[in-house]
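The values are calculated or read from the model by the stated rules, or taken from the named source; none is laboratory data. Predicted model only: the values in this text are computed from it and were never measured. We place every Cβ from the backbone using ideal geometry, glycine too, and count neighbours over all the protein chains shown. Side chains are part of the model used for accessible areas, which takes the heavy atoms of the whole protein and leaves out ligands, DNA and RNA. Shrake-Rupley method; radii C 1.70, N 1.55, O 1.52, S 1.80 Å.
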Amino acid sequence: MSSFWTLFKVTLKNMLRFDRKKGTLPLMIVGFAAVGLVFGFMIVAGTLGIGQYFVEYDAVPEFLTILFLVTQAVVLIFGTATIVGVMFFSRDTEFVLALPVRSSVLFFAKLTYVYLTELLISAFVVLTGGITMGLMAGMGPAYYLLLLVSVFVLPLLPLLLAALLALPIMYLFSFFRYKGALTSVVLLLLFAAALVGWYAVFGGMMGSDETIVLPEEAILALKQAMAWVIPDISLARLICGVDVLPNLGITVGVFAALGGLACAVSAGIFRRSLSAQLEQTWTAKAGKVEYRGSSAARALLKKDFKEIFRNPTLAFYTLLQVAFCPIMLLVLGLMTQSFEGMAEEAAAASLTAVIEGLFFLGMIAVSMNYTALSTLTREGENFPLMKTFPLPFGEQIRTKVLLARLITAVSVAVGCLTLTFFLRGEIWQNAFLLVFLLIYGDGITHLLCSFDISNPKLHYESLSAALKNNVNSFKAMGVALAVIVPAALLYVLAFSLGQSGALPYPYVVIAAWILLIGGAAVLNVVFRRILYRNVERRVARIED
Amino acid sequence: MDDLSLRVESGEIFGFLGPNGAGKSTTIKMLCGILLPDSGRITVEGVDLLKDPVEAKKKIGYVSDNHNVYERLTGIEFLNFMADVYQVGEADRRARIDYYLNVFGLTQAASSQIRSYSHGMKQKICIAGALVHNPALWVLDEPLTGLDPQSAFNLKEMMKEHCRQGNTVFFSSHVLEVVEKVCDRVGIISGGRLIAVGTLDELREKGTDLEQYFLQLTGTPGEAAFPPPPGQPPLPPAGWGGSR
């Protein structure tokens, strides 16, 4: 046990030690608080909006189960990349393998670190939604106490599953030449499967049957679907005081079984899987040498592309940006259509499509551009090489920005196509949305690169940790909030004025769009200037 | 660094010596444009590195001591990348890449990702990458650490050949024997100050041999008088012939 604590403490210190000189900790706290406020408001508002039906039809455990599923889906999405980064591609792998500790101790010490980093998500979602629901349903003190316990239990399930899945995947892929790319693809498939599974559960609730419009029918369907979501439903029933003993037995049994399985498997495979990552696996390939010349800028672009897509952590985050929001929009689109039957009215559907587009694409997809947020961070300790190249830093940065801009454009385009097909609305409005998001997204990509250039993390144990514990992602979210919320308000105002007949529809909305696109263009120019102003001096001074 | 002033001539192999933390790597990083000096000038073949860094860097090939390199690229991708960045033509690129892959025995591994290479192989691919544009100034930070005897020999021969072609080699090392065998001139640095510079003969005149002179200048005791580890009996003095 003592070796577990020793290893765990060292891992934690290594990963989370902040640079006090730079004062990043207060900034991160402010960032967390700002993002927390926005998402907290959304969860509380959502709970207040639909919570009454759950209370009325005695379905509080089912509501909690939904919260648990959302928590676990988010933990699975972000935790999988962290598990791979921290447990398999960490720089300390060689060192820890030489230590006289058991394989399972090593496994759980690293997994506990990942668990702690994911605990915040669990606490945030479960406590905000759960406490709101508890107040609405007039629950007793035991409910709140057990809710608090559930915060610590919930991330275990997705993390143990992800860790168990990662073990054979990493061992298997250690034999492949392009294991980084393969791992990325499989991780994304896992992520997609998790989301599809998540949607399948909701499908049972609201799904494709567009006739379910009454809350009573929806809640009944939900109860049937949630009955199979074990152990979450058992935990939720336990918290609500329903059939306490059987549900306690099921909850404890499932987690104990999973923990035991993880113990057994990790003892046998983890060390071998880690060792396999370190083995010298280069293979002789005669006659494969090619001599292809290109411009310096193109060479930098190709190098960056390969470095990203052959690195499972970076590839995962990059592809996640392209895939995450469209999938969420798809899920939301199907739910909105079936629940509210809004597809019938194009104008009303446009309002939903534009607001969801602005939020998911303008705020989340564009802001979580990890290619931009890792402009220099992903270079890590290779960064000094950049300084030796006979190319101006501005030119080198330009190629990096180009890649990030392309990824943003693809993400926005895929998102808008998803909106058009599944939320429908008026095509011309979706076209305006696309143009606005492309111009704004292009601009903010420059700003994100600038954030990273101003404060890159070049020394880290794992890239995943460097990207996740990065104050720049909060700055990006803050800027997105400051731009998208006023933009959405302006659009809603114009839409309302048009629909009420106070101003002629659609001209008032078109005018609003022209104003928004003009504003996006101005921001684009400003953000570019922020990036390229003094770029030579800024890069030269890094680590000087 | 403290008021460092140094001139290295074309066609010269210059060895840069100093104890750990003396400022060897810092000097080299300033020479390659990685670090900026607070004041002063660095010129490479007449080009001011601070005023025209791009033009100056074209003349430099740098091999770092940690062999950090783009590990997700294959060996051949990395060499082509370096050739692109330094704008090496098709014919020269082919000839030089083939030559260095062959010399370092990396031909068979060229299509594998660098992350699968051993420490020595990574070092070799870094050296090949630094030479693919045939730089006028080849700068190496602790280049011989981790190389097998054959590769170390090849590297020393390569350094000599590079100079025979009228180019310059500037390298740091802890291995005094290598410096004695390869270098035309040597500089010794300690505490950020250049405390001696000259040909090997000039330095030898001031001490019995280079090692003694180095230890004398840098303040390291000539005969190591290390205390024994806790719980261990003292070691016999150096040269003592009795059995323990």
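Points worth noting:
- Relative contact order of the stretch B:68-134, pairs being alpha-carbon contacts under 8 Å that are 6 or more residues apart, as %: 53 percent
- For chain B, averaging the sequence separation of C-alpha pairs within contact (under 8 Å, six or more residues apart) and dividing by the residue count gives a relative contact order of 30 percent.
- Dipole size of the stretch B:68-134 about its Cα centre, with +1 on Lys/Arg Cβ and -1 on Asp/Glu Cβ: approximately 200 debye, rounded to the nearest 20.
- In this label model, A:Ala98 and A:Val485 are separated by 5.2 nm, measuring between points 7 Å along each Cα→Cβ vector.
- Label point distance in nm, A:Tyr505-A:His459, each placed 7 Å from Cα along Cα→Cβ: 6.0 nm
- Area buried, chain A against chain B - accessible surface, total, 1.4 angstrom probe, square angstrom: 3900 Å²
- Label zone at B:Asn134 (point 7 Å along Cα-to-Cβ), backbone N below 15 Å, the stretch B:100-124: B:100
- Using a Förster distance of 45 Å, the FRET efficiency for B:Glu161-A:Glu543 (Cβ separation, nearest 0.05): 0.85
- Straight-distance candidates among the aspartates and glutamates for linking to A:Lys303, with alpha-carbon spacing under 20 Å and chain neighbours fewer than 8 residues away dropped: A:Glu290, A:Glu379, A:Glu381, A:Glu395, A:Asp452, B:Glu71, B:Glu77, B:Asp84, B:Glu90.
- Once the C-beta distance of B:Tyr99 and A:Asn382 is scaled by a Förster radius of 25 Å, the resulting FRET efficiency is 0.50 to the nearest 0.05.
- Applying a DSSP loop filter and a limit of 14 other Cβ atoms within 10 Å to the trypsin sites (Lys or Arg not before Pro) in the stretch B:101-174 leaves nothing.
- With 26 Å as the limit, the listed pairs A:Lys302/B:Lys160; B:Lys57/B:Lys160; A:Lys13/A:Lys306; B:Lys24/B:Lys59; B:Lys29/B:Lys122 have A:Lys302/B:Lys160; A:Lys13/A:Lys306 beyond it between alpha carbons.
- Carbon/sulfur fraction of accessible area - the stretch A:295-544, other protein chains in place, 1.4 Å, %: 70 percent
- Principal semi-axes in Å for the stretch B:68-134 [√(5λ), Cα gyration tensor, largest first]: 18, 12, 10
- Whole-number accessible area per residue in Å² for the stretch B:68-134, which is evaluated in the context of all protein chains at 1.4 Å: 30 Å²
- Listed by chain and number, the lysines whose C-alpha is less than 22 Å from the C-alpha of A:Lys9, apart from same-chain residues fewer than 8 away, are A:Lys110, A:Lys457, A:Lys468.
- Alpha carbon centroid spacing (whole Å) that separates the stretch B:173-203 from the stretch B:110-130: 29 Å
- Pairwise FRET efficiency - A:Leu248 versus A:Phe421, Cβ, R0 = 60 Å, nearest 0.05: 0.85
- Remark: the A:Glu216-A:Leu402 segment gains 61.8 nm on full extension, using 0.36 nm per residue and subtracting the alpha carbon distance.
- For chain B, the 222 nm mean residue ellipticity estimated from helices alone, with every DSSP H stretch of n ≥ 4 adding -39500 (n - 2.57) and the total spread over all residues, rounds to -11000 deg cm²/dmol.
- The stretch A:78-115-the stretch B:1-72 distance, computed between alpha-carbon centres (Å): 39 Å
- Spacing of the modelled spin labels on A:Tyr144 and A:Phe41, each 7 Å from Cα toward Cβ, amounts to 2.5 nm.
- All other residues whose Cβ lies under 14 angstrom from that of A:Glu379 are scored, Lys and Arg at +1 and Asp and Glu at -1, for a net of +1.
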